[in-house]
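Comments concern the structure below.
The values are calculated or read from the model by the stated rules, or taken from the named source; none is laboratory data. From a predicted model like this one, the values you see are computed outputs, not experimental measurements. Counting neighbours? That spans all protein chains shown, and the Cβs are built from the backbone with ideal geometry, glycine included.
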Amino acid sequence: MSNGICTAVLRGHSSLVKGVAWDPIGSFIASQSDDKTVIIWRTSDWSLAHKTEGHWAKSLGSTFFRRLGWSPCGHFITTTHGYQKPRHSAPVLERGEWAATFDFLGHNAPIIVVKFNHSMFRRNFANSQEVKATPVGWANGAAAKIGGKESQPYNVIAIGSQDRTITVWTTATPRPLFVAKHFFGQSVVDLSWSPDGYSLFACSLDGTVATFHFEAKELGHRLSDAELDELKRSRYGDARGRQSNLAESPAQLLLEAASAKQTTSKKVALDVQESQIPAKPPVELGLTNKSSEPQNNDGKKSGLAASDGLNKAMSSARISSPVKQREYRRADGRKRIIPEVVGVPIQQKNISSNAQSPALDFPVGSSDRRKNDNGAVPSDVGLREASVRGTVGRSSDLKERSGVTARATVTDSLVIEKVPVSAAQDHSINVEKSGSMRPSSSTASSSTSLSISVFDKKEGEDMTPVCLEACLREHAMNDIAGVGHACMMKETEIVCTKGSQTLWSDRISGKVSVLAGNANFWAVGCEDGCLQVYTKCGRRALPTMMMGSAATFIDCDESWKLLLVTKKGSLYLWDLFNRNCLLHDSLASLVSLDLSSSAKGIMKVISVKLSKSGFPLVVLATRHAFLFDMSLMCWLRVADDCFPASNFASSWSLGSIHTGELAALQVDVRKYLARKPGWTRVTDDGVQTRAHLEAQLASSLALKSPNEYRQGLLSYIRFLARIMFSIRLLDPSIIINQSLANYTYLCLQRSR
Amino acid sequence: MSAVNITNVTVLDNPASFLSAFQFEISYECLTPLKDDLEWKLIYVGSAEDETYDQLLESVLVGPVNVGNYRFVLQADPPDPSRIREEDIIGVTVLLLTCSYLGQEFIRVGYYVNNDYDDEQLREEPPPKVLIEKVQRNILSDKPRVTKFPINFHPENGGNEEPPPSDQPVENDGNEEVPASPNQNEEQDP
């Protein structure tokens, strides 16, 4: 094949061959000819497997084409120009017997073209974890579904006919999905599905081309290529695994399909993040999580449809998933096999241990990898802050959000300049990222590359994360207009890869300072104040957005929100799907005039991100955390060091079971305080503790963290109960509201 | 201790025609890295009484052998019926899957194989000349018989391991996960 030499000539038709189709499994070729038959050929020896005739007997003697289509699942062949009195039909041959079991009826003129969609579809999105490898039963007039209901994948086929109509059918229902009657003035000639499966293109003899766009709720959800491969493998076994043994006969395939039906191939839920149950204490390195799922991970990691042969004890007569091994002959003629590696992925260990070991020293925005930042390594040490989350302590937060979003920022020191109020009208502030503890060992001031990686939860068992990388490229550009003077052009190349495969790439001018992305989009922010948003496939979704100053912090949530903070302190929160700005504010009010560093108008910010509540959360170098409340349109301080003497100052530390966002912030504060010289533990007369608790309650409410609110409330009430027991005087100013009073009373009753 | 343990053996396409190829999907784990490859052999015992009728169906080298879990498919040609005595073809015989390192066999897995006609008629009245195309073989993969032999996996280390094969084989059936311990014989009725 690769040298262009004719491999075989298939003789069998008695007239012109007008259509050919390959079996998606590769075992057969089907051809339809003017002799009104369909012949199935074996690819192993190019012999004739079956000849079907009869259904096309009444069709015209000669037509332009008789192009048949093979379904992506391999089970059906739809042919054209069938005639079943008194209507024209598209006979469908089923794999195995190759007999026309079904017909597509309804067109009033010969059917010219049939096209199966490249992929199969499924009604409900894959919530169910089991996909039975049974072919979707389907008969004229009744849809017989074998096994599970809506999660069965089905084929989608479009049929165009000389009667100028197009119909779209799914193999899940007996009625067509869609009938297009008045689009064309003459016969439909050709149909084509887009690669993503949701668009259909059609052309006609009248000289026009039409496109039809379908939505997921109409067609269903498309199976990914991996899922389709798995379906085929579970039905037919893998041609590779069999190597030289191709299917000898359709009967063998049927046998295999039958025995494959006996095994249920479980689709294992991919998500690494979901497997981390937040209830576990974060101190345990995530190994405990994995012990419960090594089997699943085995299947996952090897990227195969999880074969039961791996997980269960030995079982006979089972077709297991294909083994990827390599074989070759050594020089001495002996056959050698390089086996396939199986086992718990190492990467997971790294991920969980990073996320769940708060005992790590607390480097600000240091080299700790983000949980999902598997392969992405900022190559330049100077870019240490490129790690997104900044603090390891926020493990739970990582768990909740990581996996679907990723971001990276450059840490060149950027400075907020605050012009004193008296001097200028506009307060320009610059946001500086707080430097890391380590000295930068890199002498080069320019960053070389920056990258992030995102795990797509929806990808099914495909574990490879998608990585986005931005690197500077310098290349000479010849000035055409000038006199042969070459100038060096500095551009940044942005490459999105999945594993070793490059998905897309782009070049933009300017130096990239921030990267963010999730399952829906990618955002690239530059030092010259440009922000470029890409769709998940790499198309530039919006014109370049001008932010006025360099992008310093960026974050995105799991769907369509994008948060950006620029060097001058502007804060933007966009909803990219609806293309509007949810919030435009600045960090100006966070600059405290008391800070020594603010003399120059510099504001040191550790991190800016979207909290679980969906609002921007900023943590300054003083470890004070601020949440922007969009209803109040101002910053709320949710974590600070104002209560060092509070008895509860360290209650939500590492030992607690439910760590929430607030807890993480507070732990950071405490640690930071502990490092400051001269910090001593002061005993409290209760006032500070109470204030602290009340502030905690309010903060956890603002952060929309229900667990913490509940814990805070309980602690507050216990505290109140204790205090009141000793004071023996009910101070009305302590009671906030009636419910609290009741609870307190109850606690008092109990403690007495 | 053995450096390599078999964790799973799955017999693919079973039952099958006598003349069809064998396919075993073998999973094994390696505890210490080995310098050389493992040699896996599949032997068809043509006659229970006579060793000379053993047919070595396949011998492959698998490697490199590093620490971890591995999986591969061992394919082998079917036995040559002309080398088996007529009276021995139909009936029960044995298939051996062995693994050796540096020429020393350290594990041997045996399977009973039943060869018989598919067709009722032929089963009742077997023709005088065996119709090999109609014979089906059925490997009893649920009941393997595993024998382990302690060998020296690191001869370069100076032989502090037990002496080579057949001195104290370890045998167990049905459950391959039982760790090796000398002189332990558990027979299971076929």
Report, by residue number, each residue of the range B:3-13 that is under 15 Å from the mean Cα position of the chain (by Cα) and either more than 20 Å from A:Arg336 (Cα to Cα) or facing chain A (nearest Cβ under 9 Å) (or both). B:Thr7, B:Asn8, B:Val9, B:Thr10, B:Val11, B:Leu12
If you go through the range B:25-38 one residue at a time, how many are in contact with a strand residue (DSSP E or B) (Cβ under 8 Å, 6 or more places away or on another chain) and away from every other protein chain (no Cβ under 11 Å)? 3
Select, from A:Val92, A:Val9, the only residue that is of a type in the set (Val, Ile, Thr) and closer than 24 Å to A:Ile166 by Cα. A:Val92
For strands (runs of 3 or more DSSP E) lying entirely in the range A:482-590, having 2 or more residues that are out of contact with any helix residue (DSSP H, G or I) (no Cβ under 6 Å at 6 or more places or on another chain) and within 28 Å of A:Leu617 (Cβ to Cβ) picks out A:486-498, A:512-518, A:521-526, A:530-535, A:551-556, A:561-566, A:570-575, A:580-586
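Matching residues to (1) at pLDDT 55 or above; (2) more than 14 Å from chain A (Cβ to nearest Cβ); (3) out of contact with any Gly (no Cβ under 6 Å at 6 or more places or on another chain); (4) under 21 Å from B:Ala48 (Cβ atoms):
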| position | (1), (2), (3), (4) |
| --- | --- |
| B:Arg108 | yes, yes, yes, yes |
| B:Tyr111 | yes, no, yes, yes |
| B:Arg137 | yes, no, yes, yes |
| B:Pro155 | yes, yes, yes, no |
Just to be sure I understand, how many residues within the range A:328-337 are facing chain B (nearest Cβ under 7 Å) and either under 38 Å from the mean Cα position of the chain (by Cα) or exposed (fewer than 10 other Cβ atoms within 10 Å of the Cβ) (or both)? 1
Which residue, of A:Lys85, A:Lys115, is assigned by the TED database to the domain that holds A:Ile166, modelled with pLDDT under 85 and of a type in the set (D, E, K, R)? A:Lys85
Name the pairs: first residue in the range A:327-350 and under 19 Å from B:Val65 (Cβ atoms), second residue acidic (Asp, Glu) and modelled with pLDDT under 70, Cβ to Cβ under 6 Å, at least 6 apart or on different chains? A:Val342/A:Asp298
Under 6 Å by Cβ, and 6 or more places apart or on different chains, what pairs join a residue from the range A:695-722 that is of a type in the set (D, E, K, R) with one that is surrounded by fewer than 20 Cβ atoms within 10 Å (Cβ to Cβ)? A:Lys704/A:Ser613
Members of the range B:57-80 that are surrounded by fewer than 16 Cβ atoms within 10 Å (Cβ to Cβ) and away from chain A (no Cβ under 13 Å): B:Asp80
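Given the options A:Pro278, A:Pro174, name the one that is at pLDDT 65 or above, part of a loop (DSSP other than H, G, I, E, B) and not charged (D, E, K, R).
Among A:Pro278, A:Pro174, only A:Pro174 is at pLDDT 65 or above, part of a loop (DSSP other than H, G, I, E, B) and not charged (D, E, K, R).
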Which one is surrounded by the fewest Cβ atoms within 10 Å (Cβ to Cβ), of the residues in the range A:48-79 that are under 45 Å from the mean Cα position of the chain (by Cα) and hydroxyl-bearing (Ser, Thr, Tyr)? A:Ser71
